[in-house]
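Readers should treat all values here as calculations from the given coordinates under stated rules, not as data from a laboratory. Just so it is clear, the model here is predicted, and its values are computed rather than measured. So basically every Cβ, Gly included, is an ideal-geometry build from the backbone, and we count neighbours across all protein chains shown.
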């Protein structure tokens with residue numbers, strides 16, 4: 001499956017033409033091309049590599065099934081970008097990531113992904129929202145791609161923030177399932193860690209573009225890449241603060257559990273002390289030897305009165321000390 005666009009002198013002229021026709025349009029220096037390939041076959045990449053002079057290492061990176069670190073590598077005739085689009089499940093906070101690879105030349109952007117995981121309609125809508133930048137060529141297309149990916153990271157971190165706020169409220173709830181709380185906390189921490197690994201390298205990628213390491217990024221695009229860079233910084237800083245917040249929530253949960261356990265132990269100990277009074281007194285009066293009041297009604301009254309007085313005294317004492 002291939003999607004494509006042709007811009008001539010900054011104006012969208014043609015869409016969804018076959019990838020095989022792309023080489024015929026490259027003879028015109030006013031043309032900028034975008035090709036999107038879903039799960040390209042090795043032979044398809046071989047044709048593109050021959051037509052555009054793609055570096056073998058970059059082509060091998062696309063064919064490699066192992067997920068690679070986000071990066072931007074510069075070669076003699078083009079640059080290679082590896083980045084990730086992310087999405088967070090609003091219900092459980094689980095993050096899913098899909099790799100997007102791109103070849104960037106002065107007038108061509110080729111994006112590649114697997115199993116139709118990329119939201120290409122959202123990407124093209126991003127380009128259509130700023131048609132005045134199309135005259136900047138492939139730099140315009142690259143900016144739209146990075147802006148789309150980074151905004152996805154920003155949406156993901158915002159959803160994770162909302163889930164963590166819900167988790168924070170549950171910590172202080174009167175009745176809470178601690179097992180479920182721990183499970184949700186670990187799941188969110190895993191999503192945050194994954195997002196951090198994908199978002200932090202974007203700072204280096206966008207920073208290198210702002211240093212004009214790609215010739216297709218002209219001066220008119222610098223403020224727009226600066227805006228993307230600001231969003232990248234916001235995502236990375238937000239991720240770090242949420243990781244610290246999750247650690248604080250976990251520590252708070254353990255502290256609250258410890259305090260509740262101490263309260264329970266104080267109550268159990270207090271009641272055990274109160275119950276020990278009648279046990280001790282009745283045990284004393286149950287001796288099989290004569291004692292004051294043995295075999296007399298006064299012995300019953302004295303023991304009963306002792307139980308009531310001592311037990312009541314202990315109850316009042318423990319209550320005042322907030323042990324009961």
### Query
Given a Förster radius of 25 Å and the C-beta distance between residue 64 and residue 204 as r, what FRET efficiency does 1/(1 + (r/R0)^6) yield to the nearest 0.05?
0.75
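Multiply the residue separation of residue 251 and residue 304 by 0.36 nm, subtract the distance between their alpha-carbon atoms, and state the gained length in nm to one decimal.
On the way: separation 53, 0.36 × 53 = 19.08 nm, distance 4.86 nm.
Additional length available on full extension: 14.2 nm.
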### Query
What ranking do 96-104, 218-226 get when scored by the average of other Cβ atoms within 10 Å per residue, highest first?
96-104, 218-226
### Query
What FRET efficiency, computed as 1/(1 + (r/R0)^6) with R0 = 41 Å and r the Cβ-Cβ distance, is obtained for residue 15 and residue 211, rounded to the nearest 0.05?
0.80
### Message
On the principal axes of its Cα set, how long, how wide and how thick is segment 86-243? Give whole Å, largest value first.
### Response
60, 31, 24
### Task
Considering only 194, 87, 211, give the residue with the highest GNM mean-square fluctuation for the chain, with springs between Cα atoms whenever their separation is below 10 Å.
211
## Note on the structure
When the chain is treated as a Gaussian network with springs between alpha carbons less than 10 Å apart, the largest mean-square fluctuation among 140, 172, 80 is found at 172
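I'd like the projected area of the chain, averaged over all directions, using the convex hull of its alpha carbons. Report it in nm² with one decimal.
Details: hull surface 100.0 nm².
Result: a mean projected hull area of 25.0 nm².
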#### Entry: 0 to 90° range, to nearest 10: angle between helix 222-285 axis and the chain longest Cα axis
10 degrees
### Task
Please check which bits of segment 124-154 a label hung off residue 75 would reach, taking the label as a point 7 Å along Cα-to-C-beta and the cut-off as backbone N under 19 Å.
138-139, 142
### Task
Just the ratio, please: alpha-carbon radius of gyration of segment 1-75 over 2.2 N^0.38 Å, N its number of residues.
1.21
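Normalised by the number of residues in the chain, what is the relative contact order in percent for Cα pairs under 8 Å and 6+ residues apart?
Over the chain, the number comes to 14 percent.
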### Message
If the elastic network links every pair of Cα atoms under 10 Å, which of 82, 173, 60 fluctuates the most in the Gaussian network model of the chain?
### Response
173
### Task
State, to one decimal in nm, how far the label point of residue 39 lies from the label point of residue 237, with both points 7 Å from Cα in the Cβ direction.
4.2 nm
### Summary
Taking N as the number of residues in segment 31-139, the ratio of its alpha carbon radius of gyration to 2.2 N^0.38 Å works out to 1.13
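At a 10 Å Cβ-Cβ cut-off, how would you order 112, 202, fewest neighbours first?
Details: 112 22, 202 25.
Least to most surrounded, the residues fall as 112, 202.
Tell me, in nm to one decimal, what length is gained between residue 227 and residue 312 on full extension, where the rule is 0.36 nm per residue of separation less the Cα-Cα distance?
Result: 23.4 nm gained on full extension.
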### Query
Got a sec? Which residues in segment 227-261 would a label at residue 174 touch, if it sits 7 Å along Cα→Cβ and we count backbone N under 18 Å?
257, 260-261
### Task
Within 10 Å of each residue's Cβ, count the other Cβ atoms and sort 162, 132 from fewest upward.
132, 162
